[in-house]
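What follows is one structure encoded as structure tokens, with my remarks underneath.
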Amino acid sequence: MPRERCFSEAEVLERLTDVFAAHGYTGTSLALLQQATGLGKQSLYNAFGDKQAMYLQAIDCATRRAAHVAGAMQGASDGRAALQAFFAAMLDDCASPDPGRKSCIVTTGLVEGLDEAPLAWALTSRWQATHELLRASVERGQRDGSVANQAPSADLAELLAALVSGLRVAARAGRSRQQMERLAALTLGVLDRA
């Protein structure tokens, strides 16, 4: 008879996600994953598959973690408020002492330049989903008058997506929350230009 698993796969996946977010795909060793989860190599492989499979599941886990942000954006009073809700959540993560929150698995993976097809597709599709979320909020704001800048919404979303990456790097470089808030305010100020 096979032995029953005596751990929660969901909890272990949360820990795997934190490790990959903090160290990247390349920088994450099996030893780091074992240390973070308290599980042996075989238990990890049996539950999640190889390192690539673990990473893909971790990307999905990180996406589920962020789902509440999209909900807050949809419930916002206007497009500008939706963007403010997005960046408020981003600043909360960046200012967190938790390395798993401070880092973004997608941003880290894209910066690593992972070229293995399943990994590259998973990362770029998540990045594109974030871009689309920002673009839709900009466009909503242009329609409802809360965003004065009438530049193409895709271009403004590209600028805001660059701010996302910049905040993640600033957080890793030790910038304070106040410094990151000023950076976000300066960037979001472009939305006020008619």
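The values are calculated or read from the model by the stated rules, or taken from the named source; none is laboratory data. No experiment lies behind these values; they were computed from the predicted model shown. Because the Cβ atoms are built from the backbone with ideal geometry, glycine has one as well, and the counts that use them run over all protein chains shown. Side chains included, ligands, DNA and RNA excluded: accessible areas come from the protein's heavy atoms. Shrake-Rupley method; radii C 1.70, N 1.55, O 1.52, S 1.80 Å.
Shape class for the range 86-145: oblate, because the ratio a/c of the largest to smallest gyration tensor axis (alpha-carbon atoms, square roots of eigenvalues) is 1.5 or more and b/c is at least a/b. Taking the helices alone, the chain has a mean residue ellipticity at 222 nm of -23000 deg cm²/dmol, built from -39,500 (n - 2.57) per DSSP H run of at least 4 residues and averaged over all its residues. Report the Cα centroid-to-centroid distance between the range 134-160 and the range 70-107 in angstrom, as an integer. Between the Cα centres of the range 134-160 and the range 70-107 lies a distance of 17 Å. Loop-resident GluC sites (Glu not before Pro) (DSSP state other than H, G, I, E or B) in the range 1-90 with no more than 15 further Cβ atoms inside 10 Å of their Cβ: Glu4.
On a per residue basis, the convex hull of the C-alpha atoms belonging to the chain measures out at 122 Å³.
Using the Cα centre of the chain as origin and beta-carbon charges of +1 (Lys, Arg) and -1 (Asp, Glu), tell me which of Leu91, Gln42, Ala120 is placed farthest towards the positive end of the dipole. Going by the charge dipole, the pick is Leu91. For the range 102-194, the list of GluC sites (Glu not before Pro) that fall in a loop by DSSP and count at most 13 other C-beta atoms within 10 angstrom reads Glu116.
Which of rounded, prolate or oblate describes the range 1-83 when judged by the alpha-carbon gyration tensor and an a/c cut-off of 1.5? It is prolate, given that a/c is not under 1.5 and a/b is the larger ratio. Looking at the square roots a ≥ b ≥ c of the eigenvalues of the Cα gyration tensor of the range 87-194, which shape do they give, rounded for a/c under 1.5, prolate if a/b is larger than b/c, or oblate? Cα axes put the range 87-194 in the oblate bin. Counting protein heavy atoms only, the range 114-194 has 56 percent of its accessible area on carbon and sulfur, 1.4 angstrom probe. Rounded to the nearest 20, the size of the Cβ-charge dipole of the chain about its Cα centre is 340 debye, with Lys and Arg at +1 and Asp and Glu at -1. Rolling a 1.4 Å probe over the heavy atoms of the protein chains gives the chain an accessible area of 52 Å² per residue.
Once C-alpha pairs closer than 8 Å and six or more residues apart are averaged by separation and normalised to the residue number of the chain, the relative contact order reads 22 percent. Exposed loop sites are taken as trypsin sites (Lys or Arg not before Pro) in a DSSP loop (any state but H, G, I, E or B) with at most 10 other beta carbon atoms within 10 Å; the longest stretch of the chain without one runs 4-192.
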